[in-house]
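Trainee: Let me begin by handing over the structure; questions about it come next.
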Amino acid sequence: MVLDNRYGAFIVPELKVMPLGYGPLDNLSFAVKDVFAVAGHTSSAGNPSWLQTHSASTYHADAVRRLLIAGASLRGAALTDELMYSLGGENYHYGTPVNPRAAGRIPGGSSSGSAVAVASGSVDFALGTDTGGSIRVPSSYCGIYGFRPTHGAVGMKGVIPLAPSFDTVGWMAGDAERLRRVGEVLLPMGNEPVSNTMEHIYIATDAWALADEAYEMNLSQALRRLKWGAGRSTTIEIASEGLKAWMDVFRELQGREIWASHGEWIEREQPKFGPDIAERFAWASSLGEMGVSTLLQEQREGISSRLHQLLGETGCLVIPTVPGPAPLRGGDSRQLEINRSRAMMLCCIAGLAGLPQVTLPVAGENGLPLGISVIGGYGQDLRLLSWVKEVWGDR
């Protein structure tokens with residue numbers, strides 16, 4: 001049976017792969033962002049020229065295969081923003097998936113279809129990728145759970161890259177229990193925590209200053225719930241140089257890697273991009289060679305070291321996932337770019353340090369979805385997922 005695609009989540013709703021085994025994900029279905037290799041399927045990466053210039057895969061991506069072996073069935077290839085280079089979810093060529101939890105608002109990207117597939121109940125969970133926020137942002141906008149793992153914890157084989165030193169395979173689900181179950185399959189053996197406790201919560205004042213004032217009460221109530229589940233909490237400024245400076249380091253390093261990944265193909269094929277995506281690739285092409293970014297790399301390493309030392313194994317950082325609810329579809333382009341920049345200031349924290357981050361759904365005024373995030377210590381993925389399930393539960 002072909003999936004119901006009334007929300008426009010799927011670019012190939014008829015794609016179906018049966019389980020390859022039995023295990024903890026028996027009887028569950030999942031969608032894949034259309035950047036994952038699936039045997040016999042050609043990924044579009046959200047762009048018609050990419051689809052036309054690439055062939056069908058002869059194998060399943062590592063993450064897809066592990067889920068199939070664990071008993072899950074694949075149901076549908078989900079829409080993505082063009083070459084994953086956006087946080088909005090509005091695709092110039094294939095349209096914009098409908099946000100089931102926030103009428104008239106964007107779903108967020110670039111894992112837009114994956115988020116909508118979960119939020120609409122079409123599948124039990126979904127795979128996406130997260131480089132600069134592409135799991136976390138749409139999960140928040142669509143009112144679901146989303147997880148970006150420690151960088152390198154889940155193999156990227158069979159996944160179209162964007163910026164390899166930031167790229168992660170992430171996943172989304174409608175509840176914390178399912179989010180953790182998927183993690184138990186995808187995360188490496190030996191990653192199991194000795195305990196599920198978080199001894200110290202750090203509340204980043206500079207990150208919280210980016211939250212929309214209109215939703216401060218809703219997010220504060222969610223923060224109190226998390227604080228109750230930890231040993232102690234401390235208010236802290238994490239970026240003395242400013243989160244804008246962190247974002248600038250992230251954007252330029254990411255842009256250089258993006259052009260290194262796709263510049264040759266773009267120059268050869270001259271694909272047609274939507275206006276905003278075209279502008280970003282043009283900017284990325286102007287950054288020059290990777291070799292001149294030594295200072296940026298040193299800044300990144302300093303930020304990463306600072307956060308790793310702060311959190312250790314049993315600390316976590318709590319921040320708003322994004323500043324507020326999803327912007328309206330078709331909104332003012334300048335305002336959308338401002339919103340994107342503020343979201344990136346929050347998302348770059350885990351990205352620069354390669355840390356795991358889970359975003360949890362929070363109900364805002366009039367039921368609009370919001371998100372609150374917990375960033376864990378390096379390699380503490382299952383500790384984070386287990387603690388969140390115990391403290392947050394399924395609301």
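The values are calculated or read from the model by the stated rules, or taken from the named source; none is laboratory data. Bear in mind the structure is a predicted one, so any value in this text is a computation, not a measurement. Virtual Cβ from ideal backbone geometry, glycine too; neighbours counted across all protein chains shown. Side chains included, ligands, DNA and RNA excluded: accessible areas come from the protein's heavy atoms. Shrake-Rupley method; radii C 1.70, N 1.55, O 1.52, S 1.80 Å.
Trainee: Might you let me know whether the stretch 125-135 holds any residue that is open to solvent by less than 10 Å² (accessible area, probe 1.4 Å), in a helix (DSSP H, G or I) and not β-branched (V, I, T)?
Mentor: No: zero hits.
Trainee: On the basis of being touching a strand residue (DSSP E or B) at 6+ places or on another chain (Cβ under 7 Å) and assigned to a helix (DSSP H, G or I), does A278 make the cut?
Mentor: No.
Trainee: Identify the residue in the stretch 337-382 that is among the charged types (D, E, K, R) and open to solvent by 10 Å² or more (accessible area, probe 1.4 Å) and, among all such residues, is modelled with the highest pLDDT.
Mentor: R342
Trainee: Would you check if there is a residue in the stretch 9-32 being closer than 24 Å to A282 by Cβ, touching a residue at least 40 places away in the same chain (Cβ under 8 Å) and among the aliphatic types (A, V, I, L, M)?
Mentor: So far as the stretch 9-32 goes, no, none of its residues is closer than 24 Å to A282 by Cβ, touching a residue at least 40 places away in the same chain (Cβ under 8 Å) and among the aliphatic types (A, V, I, L, M).
Trainee: Now for a different question. Could you check the stretch 166-236 for strands (runs of 3 or more DSSP E) lying wholly inside it with 3 or more residues that are under 22 Å from the mean Cα position of the chain (by Cα) and without any contact (Cβ under 8 Å) to a residue 60 or more places away in the chain?
Mentor: Hits in the stretch 166-236: 168-173.
Trainee: Let me ask another. Which of the residues that make up the stretch 54-89 are buried (at least 24 other Cβ atoms within 10 Å of the Cβ), among the acidic types (D, E) and over 14 Å from S114 (Cβ atoms)?
Mentor: Within the stretch 54-89, just E82 meets the criteria.
Trainee: Another question, then. For the structure I just gave you, tell me whether R280 is open to solvent by less than 40 Å² (accessible area, probe 1.4 Å), charged (D, E, K, R) and more than 25 Å from Y202 (Cβ to Cβ).
Mentor: yes
Trainee: Which is of a type in the set (S, T, N, Q), out of contact with any Gly (no Cβ under 9 Å at 6 or more places or on another chain) and closer than 21 Å to S134 by Cα, of S43, S55?
Mentor: Within the list S43, S55, the selection yields S43.
Trainee: Count, please, the residues in the stretch 214-254 that happen to be among the aromatic types (F, W, Y), over 30 Å from L295 (Cβ atoms) and either surrounded by fewer than 13 Cβ atoms within 10 Å (Cβ to Cβ) or touching a Cys at 6+ places or on another chain (Cβ under 9 Å) (or both).
Mentor: The number of residues fulfilling the criteria is 1.
Trainee: May I pose another question? Condition first: surrounded by 18 or more Cβ atoms within 10 Å (Cβ to Cβ) and not aliphatic (A, V, I, L, M). Now tell me which residues in the stretch 154-174 satisfy that.
Mentor: Those that are surrounded by 18 or more Cβ atoms within 10 Å (Cβ to Cβ) and not aliphatic (A, V, I, L, M): G158, P161, F166, D167, T168, G170, W171, G174.
Trainee: Output the helices (runs of 4 or more DSSP H) that fall wholly within the stretch 291-395 and possess 1 or more residues being of a type outside the set (G, A, S) and closer than 19 Å to S140 by Cα, or say none.
Mentor: Helices (runs of 4 or more DSSP H) meeting the threshold: 333-353, 381-392.
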